[in-house]
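What follows is a single structure, written as structure tokens, with notes after it.
The values are calculated or read from the model by the stated rules, or taken from the named source; none is laboratory data. The structure displayed is predicted, hence computed values, not measured ones. Cβ placement follows ideal geometry from the backbone for every residue including glycine, while neighbour counts extend to all protein chains displayed.
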Amino acid sequence: MSSAALPEPDPADGGPRPSYEVDRGQPCPELFEAWLGDAGRDLVSDDPTAGQPVGHAEGSRAFRDVLGRFASGVTVVTAVHGGVPVGLTCQSFSSVSLDPPLVLFVPSRTSRAWPLIRETGSFCVNLLASDQAWVSNTMASKGVDKFAEVEWRPSSRTGSPVLAGTLGHVDCTIEDVHEAGDHDVVIGRVLTLAGEAPGDPLLFYRGRYRTTG
């Protein structure tokens, strides 16, 4: 959630794959950095609306805290770049239009995977199920072979990875990209989509994974 320069070699682009322990339980620090801009603070305060206006350090904290009270689904956006699968975890995903069929996702402009996805001109949004918190953490982590333990197949139209066990996927081409502060708003034209396995969704709420079950 943006075409930032890649600061160092990354597994998504065939770089070295250092050892990295992935916590499969709750959100990893990289998710807070990408979604909320601050991995070093607790997400929810007792009084998030008190203090300074938004824009001040304390106001920015309140901004994150209040918006963290809005539950959202969790997705993984994928593509194949130079024959190598790439992916990122994205909380900000939404439908936009039925005619034409459009969706959007909002990657950070510091994302390493997003510039690679952008170069391909297409992407697939995978809707994670409640038992896929580990997939979310893996796809958000740095210094790990993201697809080493994730089963996938190429989508029928763009060839982007469709992850096994998800609730559904949406295969798209990139229609437009709009800069929005420290993120990009990516508009995708839907080529094909499908529901996959039934089940409950993986949700993100107040700094923790949740579900509806």
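Key figures
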| read-out | value |
| --- | --- |
| First in the range 190-211 and within 18 Å of F105 (Cα to Cα), second anywhere and exposed (fewer than 14 other Cβ atoms within 10 Å of the Cβ) and at pLDDT 95 or above, Cβ under 7 Å, 6 or more apart | T192/S156 |
| Subset of the range 176-200 (residues that are in a loop (DSSP other than H, G, I, E, B) and over 19 Å from S92 (Cα atoms)) | E196, A197, P198, G199 |
| Where a residue in the range 151-173 is under 21 Å from V186 (Cα atoms) and its partner, wherever it lies, is aromatic (F, W, Y) and assigned to a loop (DSSP other than H, G, I, E, B), with Cβ under 8 Å and at least six apart | P161/F147 |
| Criterion violated by L167 - all others in (1) out of contact with any Phe, Trp or Tyr (no Cβ under 7 Å at 6 or more places or on another chain); (2) buried (at least 16 other Cβ atoms within 10 Å of the Cβ); (3) modelled with pLDDT under 95; (4) farther than 15 Å from H81 by Cβ satisfied | (3) |
| Options T158, T173; residue that is over 15 Å from T89 (Cα atoms), surrounded by fewer than 18 Cβ atoms within 10 Å (Cβ to Cβ), in contact with a strand residue (DSSP E or B) (Cβ under 7 Å, 6 or more places away or on another chain) and of a type in the set (S, T, Y) | T173 |
| Selection within the range 188-206 - under 30 Å from F63 (Cβ atoms) and crowded, with 18+ Cβ neighbours inside 10 Å | G188, P201, L202, F204 |
| Residue in the range 85-103 that is of a type in the set (S, T, N, Q), within 23 Å of Y209 (Cβ to Cβ), touching an Asp or Glu at 6+ places or on another chain (Cβ under 9 Å) and not in a strand (DSSP E or B) present | no |
| Tally, over the range 176-186, of residues that are over 18 Å from L127 (Cβ atoms), surrounded by 14 or more Cβ atoms within 10 Å (Cβ to Cβ) and of a type in the set (A, V, I, L, M, F, W, C) | 2 |
| Any hit, the range 39-50, residues being buried (at least 19 other Cβ atoms within 10 Å of the Cβ), at pLDDT 55 or above and part of a loop (DSSP other than H, G, I, E, B) | no |
| Some residue of the range 124-134 being part of a strand (DSSP E or B), more than 16 Å from the chain's Cα centre (by Cα) and not acidic (D, E) | no |
| Within the range 136-155, considering residues that are in contact with a Cys (Cβ under 8 Å, 6 or more places away or on another chain) and closer than 16 Å to L88 by Cα, the one surrounded by the fewest Cβ atoms within 10 Å (Cβ to Cβ) | S141 |
